[in-house]
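S.K.: Sending over a structure as structure tokens; questions will come in a sec.
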Amino acid sequence: MAASSTEAVIDTLVRDAKPVARLRPPLLRAGLWLGAALAAMAFVIAGFADMGMARQHADATPWLVEMAGTLATGCLAVVAAFHLSLPDRSPRWALLPLPALALWLAGSGVGCWRQWMVVGEAGSLELGESAHCLLFILGVGLPVGAALLWALRRARPLAPLPVALTGALGAASLAAFLLQFFHPFDVTVMDLAIHALAVGLVVTIWGIGGRRVLG
């Protein structure tokens, strides 16, 4: 009787089962998402950024290093998040954006040191416009993170916290990259601290909230 009941349950499940669409490869999904995000950022930069100011900053090697590191951190973190969302991928994917993050911090650190030498300790520690940077990164990073988590949710990750944290780092980094096109001054020690705080807040918020969304 037990075997018959089991077979009946299996027959019911098979009869009522619906085909499940297989997810595209994670690198392709990450590329499509990044393409859409970068296209939106390019539209904002073309329409609203002060490109003359950006060209002036581009003459400084530390700024170029910082920009390259920031963008690479965002892109690599997004790629890592899509890989981590699959159960058969190694958790070591979370390490992928770390070299780019180090490059970002190195470029920012050199820029802070140069600003410190020019302006001095007092000028480098003033809050000034840094509060606007905090609001900018939060205002961009949180909705970008929401869009990314929505895309990652389709995978139904078994370990949602690493996925959420890595994805949030990607969203915050992309927001920090966009900020540089609206940043009318060189990065100071206070700026770097505020940027780190803003990125940390985005990662914390979506790390906690994203765990519930992805779960």
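The values are calculated or read from the model by the stated rules, or taken from the named source; none is laboratory data. A quick note: this is a predicted structure, and the numbers were derived from the prediction, not measured. A quick note on method: Cβ atoms are made from the backbone with ideal geometry, for glycine too, and the neighbour counts reach across all protein chains shown.
S.K.: Restricting the search to the stretch 193-215, which residues are surrounded by 20 or more Cβ atoms within 10 Å (Cβ to Cβ) and at pLDDT below 80?
M.R.: The answer is none; no residue qualifies.
S.K.: Taking the stretch 45-77 only, how many residues are assigned to a helix (DSSP H, G or I) and under 16 Å from Trp104 (Cα atoms)?
M.R.: Number of matching residues: 18.
Yes/no matrix, rows are residues, columns are (1) at pLDDT 85 or above; (2) assigned to a helix (DSSP H, G or I):
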position: Ala94; (1), (2): yes, yes
position: Ala102; (1), (2): yes, yes
position: Gly107; (1), (2): no, yes
position: Arg114; (1), (2): no, yes
position: Gly128; (1), (2): no, no
position: His132; (1), (2): no, yes
position: Gly139; (1), (2): yes, yes
position: Leu142; (1), (2): yes, yes
position: Ala146; (1), (2): yes, yes
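S.K.: Out of all the residues in the stretch 151-163, which are in a helix (DSSP H, G or I) and in contact (Cβ under 8 Å) with a residue 60 or more places away in the chain?
M.R.: Keep residues of the stretch 151-163 that are in a helix (DSSP H, G or I), which gives 151-155, 160-163.
Ala151, Leu152, Arg153, Arg154, Ala155, Pro162, Val163 - these are the residues of the stretch 151-163 that are in a helix (DSSP H, G or I) and in contact (Cβ under 8 Å) with a residue 60 or more places away in the chain.
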